[in-house]
Amino acid sequence: MIYDFIFAGAGPAGLTGAILAARQGKRCLLIEKKSSLDLHPRGETLRHRPILDEVLGEGVMASLTIASTTMIEYFAPLPHEADPIILDMKVPNHSFEWHEWMQAFQKQVQGLSIDLKLGAEVIDVTKESGRVTGVKYLDADGSEASAAADAVFASDGHGSLIGRKLGVDYTGINYPIVKSKFGNARFDSPGFKFFFLPEGSMDFAPDFPPALAFLFPREGSSCEVGLAVMARAALKLGYELPDPEELLQVFEQATKRHPVMSNMLAEASADLVEATMLPMGGPMEEVIPQAGVVLLGDAAGFVEISGGSGLISSMESAKFWVNLMIGQQAKAGKQENLWSKSSIQAMTEAYTSSGIFRHNKAIADGSNVSWDYVFTNLRTSQNIIKKWGLIANALDIF
């Protein structure tokens, strides 16, 4: 089967791209290795943007929102005591259930020219004359199949299989993180809570690299809780990044022994705990690793830890690339012209000069500068406390 576009991965990027392309008459193949789009019980958070109404329908996000807040609190590193930094971000962060969000996407897929293959897994790309022409995949029944398209969008998440097969290095881009969902927690404000964990600040894990823990209240007494290793700072300081087992062990200890977190979670129980990776190192400029392929979503980098920026940027970037590719199809006439060197250069320049890329890069650069200053330059709890007022001002500006 020959398609206009193949989307390898049915997360927000792949779904957005396929929906918007199909609405413009393009035939799309959407491959997802999970057997259902809404299996995952996790919670998520984001700030509202017009792309949500465009893709899912006006008012859908409002109907899915279970809690919202504009407040963010930053807690000083141990063992020192200092008043939390409390900021009002003005624009609210909205919490929702992932499976309900995926169901909203799936409703939009119905009736469109999208061939959705659930329980199927991309295993390789097909090539011709140095250009990627399609993918090989295992269907839900285990049989091997292949499909061709004018363009393959690798929307298969952090550490993309397609990206890695085409030589993309995700070192320093992906940050190890634990994400969890707790019930029966206790917190006295609805604000997002972040906990600075510089090197040497956790007596239960003295050799652990610098990290940032977080607790996001949701409806009632439920919350998201997590711990992200600040990989960029850790690598600069000479640390090896922890494996999932070590990460989960330190996370468990942090929830039980950090004085503030443990108090909030004293009677709480976890519904979900998972170790994964988030591409928080910044957006890639080169998202066409080889003619025929465009990296989308987490496969192309950039998730900012607070406010679901990665979800929004994934959707906005998918829209940008689908519209750009459709325009290039019309200009090129022939597939070989679509992926000529001059065409790839023009598309890359259009992307890196776009408002979407520049906005995401500005956020990522600002975030990296801030966290580098805290975790690499100041480095220790004592030094961070000395500059606590300066950090408060910087976070307020950022």
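With the structure loaded, tell me whether LYS319 is part of a helix (DSSP H, G or I), closer than 22 Å to LEU29 by Cα and either β-branched (Val, Ile, Thr) or touching a Gly at 6+ places or on another chain (Cβ under 8 Å) (or both) or whether it fails that test. Walk me through how you get there before you give the answer.
Values: part of a helix (DSSP H, G or I): yes; closer than 22 Å to LEU29 by Cα: yes; either β-branched (Val, Ile, Thr) or touching a Gly at 6+ places or on another chain (Cβ under 8 Å) (or both): yes.
Criteria met by LYS319.
Could you check how many residues of the stretch 251-278 are touching a helix residue (DSSP H, G or I) at 6+ places or on another chain (Cβ under 6 Å), crowded, with 21+ Cβ neighbours inside 10 Å and outside any helix (DSSP H, G or I)?
Number satisfying all stated conditions: 1.
Inspect all residues belonging to the stretch 138-152 and state whether any of them is outside any strand (DSSP E or B), touching a residue at least 12 places away in the same chain (Cβ under 8 Å) and among the polar types (S, T, N, Q).
Step one: list which residues in the stretch 138-152 are outside any strand (DSSP E or B), which gives 139-143.
Pick out the ones that are also touching a residue at least 12 places away in the same chain (Cβ under 8 Å) and you get 139-140.
Checking which are among the polar types (S, T, N, Q) leaves us with none.
Within the stretch 138-152 (the criterion being outside any strand (DSSP E or B), touching a residue at least 12 places away in the same chain (Cβ under 8 Å) and among the polar types (S, T, N, Q)), the answer is no, since none of the residues qualifies.
Considering only residues of the stretch 311-352 that are more than 26 Å from GLY11 (Cα to Cα) and among the hydroxyl-bearing types (Ser, Thr, Tyr), which is nearest to the chain's Cα centre (by Cα)?
By that ranking, first place goes to SER343.
Working carefully through the options SER201, SER180, find the one that is in a loop (DSSP other than H, G, I, E, B), crowded, with 18+ Cβ neighbours inside 10 Å, of a type in the set (Ser, Thr, Tyr) and at pLDDT 90 or above.
Numbers: SER180 fails: in a loop (DSSP other than H, G, I, E, B).
So the residue among SER201, SER180 that is in a loop (DSSP other than H, G, I, E, B), crowded, with 18+ Cβ neighbours inside 10 Å, of a type in the set (Ser, Thr, Tyr) and at pLDDT 90 or above is SER201.
Name the residue that is modelled with the highest pLDDT, counting only residues in the stretch 332-360 that are aromatic (Phe, Trp, Tyr) and assigned to a helix (DSSP H, G or I). Let's see the steps before the verdict.
As a first pass, look at the stretch 332-360 and keep what is aromatic (Phe, Trp, Tyr): 339, 351, 357.
Adding the requirement that they be assigned to a helix (DSSP H, G or I) leaves 351, 357.
Values: TYR351: 97, PHE357: 93.
Filtering the stretch 332-360 for residues that are aromatic (Phe, Trp, Tyr) and assigned to a helix (DSSP H, G or I), the one modelled with the highest pLDDT comes out as TYR351.
Name every residue in the stretch 211-228 that is part of a strand (DSSP E or B) and either of a type in the set (A, V, I, L, M, F, W, C) or under 18 Å from THR65 (Cβ atoms) (or both), in order of residue number. Walk me through it before giving the result.
Of the residues in the stretch 211-228, the ones part of a strand (DSSP E or B) are 211-217, 223-228.
Correct list: ALA211, LEU212, ALA213, PHE214, LEU215, PHE216, PRO217, CYS223, GLU224, VAL225, LEU227, ALA228.
Checking CYS28 against (1) under 16 Å from VAL109 (Cβ atoms); (2) touching a residue at least 60 places away in the same chain (Cβ under 8 Å); (3) surrounded by fewer than 21 Cβ atoms within 10 Å (Cβ to Cβ); (4) not aliphatic (A, V, I, L, M), which single condition isn't satisfied?
(3)
Restrict the check to the stretch 86-103 and report whether at least one residue is polar (S, T, N, Q), outside any strand (DSSP E or B) and either free of Cβ contacts under 8 Å to residues at least 24 places away in the same chain or buried (at least 17 other Cβ atoms within 10 Å of the Cβ) (or both). Full working, then the answer.
So in the stretch 86-103, the residues polar (S, T, N, Q) come out as 93, 95, 103.
So of that shortlist, the ones also outside any strand (DSSP E or B) come out as 103.
Okay, now just the ones that are also either free of Cβ contacts under 8 Å to residues at least 24 places away in the same chain or buried (at least 17 other Cβ atoms within 10 Å of the Cβ) (or both), so none.
No: zero hits.
For the stretch 160-167, check the following and say yes or no: at least one residue is closer than 25 Å to THR276 by Cα, surrounded by fewer than 23 Cβ atoms within 10 Å (Cβ to Cβ) and free of Cβ contacts under 8 Å to residues at least 24 places away in the same chain.
Looking for residues that are closer than 25 Å to THR276 by Cα, surrounded by fewer than 23 Cβ atoms within 10 Å (Cβ to Cβ) and free of Cβ contacts under 8 Å to residues at least 24 places away in the same chain, one finds at least one in the stretch 160-167, hence yes.
Search the stretch 55-81 for residues being among the hydrophobic types (A, V, I, L, M, F, W, C) and surrounded by fewer than 17 Cβ atoms within 10 Å (Cβ to Cβ), and hand back the single one that is farthest from ILE19 (Cα to Cα). Can you show your working first?
Step one: filter the stretch 55-81 for residues among the hydrophobic types (A, V, I, L, M, F, W, C), giving 55-56, 60-62, 64, 66-67, 71-72, 75-76, 78.
Retained after the next criterion (residues that are surrounded by fewer than 17 Cβ atoms within 10 Å (Cβ to Cβ)): 62, 66, 71.
On the way: ALA62: 20, ILE66: 25, MET71: 34 Å.
Result: MET71.
Could you run through the stretch 145-177 and say how many residues are polar (S, T, N, Q) and modelled with pLDDT of 90 or more? Can you show your working first?
First, pick out the residues of the stretch 145-177 that are polar (S, T, N, Q): 146, 155, 160, 171, 174.
Now drop any that are not modelled with pLDDT of 90 or more, which leaves 146, 155, 160.
Within the stretch 145-177, residues that are polar (S, T, N, Q) and modelled with pLDDT of 90 or more number 3.
Condition (residue is among the aliphatic types (A, V, I, L, M), part of a strand (DSSP E or B) and either modelled with pLDDT of 95 or more or surrounded by 15 or more Cβ atoms within 10 Å (Cβ to Cβ) (or both)) applied to the stretch 229-250: is it met by at least one residue?
Taking the stretch 229-250 and keeping what is among the aliphatic types (A, V, I, L, M), we get 229-231, 233-235, 237, 241, 247-248, 250.
If we keep only those that are part of a strand (DSSP E or B) as well, we get 229.
Filter once more, so that each one left must be either modelled with pLDDT of 95 or more or surrounded by 15 or more Cβ atoms within 10 Å (Cβ to Cβ) (or both): 229.
Among the residues of the stretch 229-250, at least one is among the aliphatic types (A, V, I, L, M), part of a strand (DSSP E or B) and either modelled with pLDDT of 95 or more or surrounded by 15 or more Cβ atoms within 10 Å (Cβ to Cβ) (or both), which makes the answer yes.
The values are calculated or read from the model by the stated rules, or taken from the named source; none is laboratory data. Keep in mind that what you see is a predicted model, and the values were worked out from it rather than measured. Neighbour counts run over all protein chains shown; Cβ positions are idealised from the backbone, glycine included.
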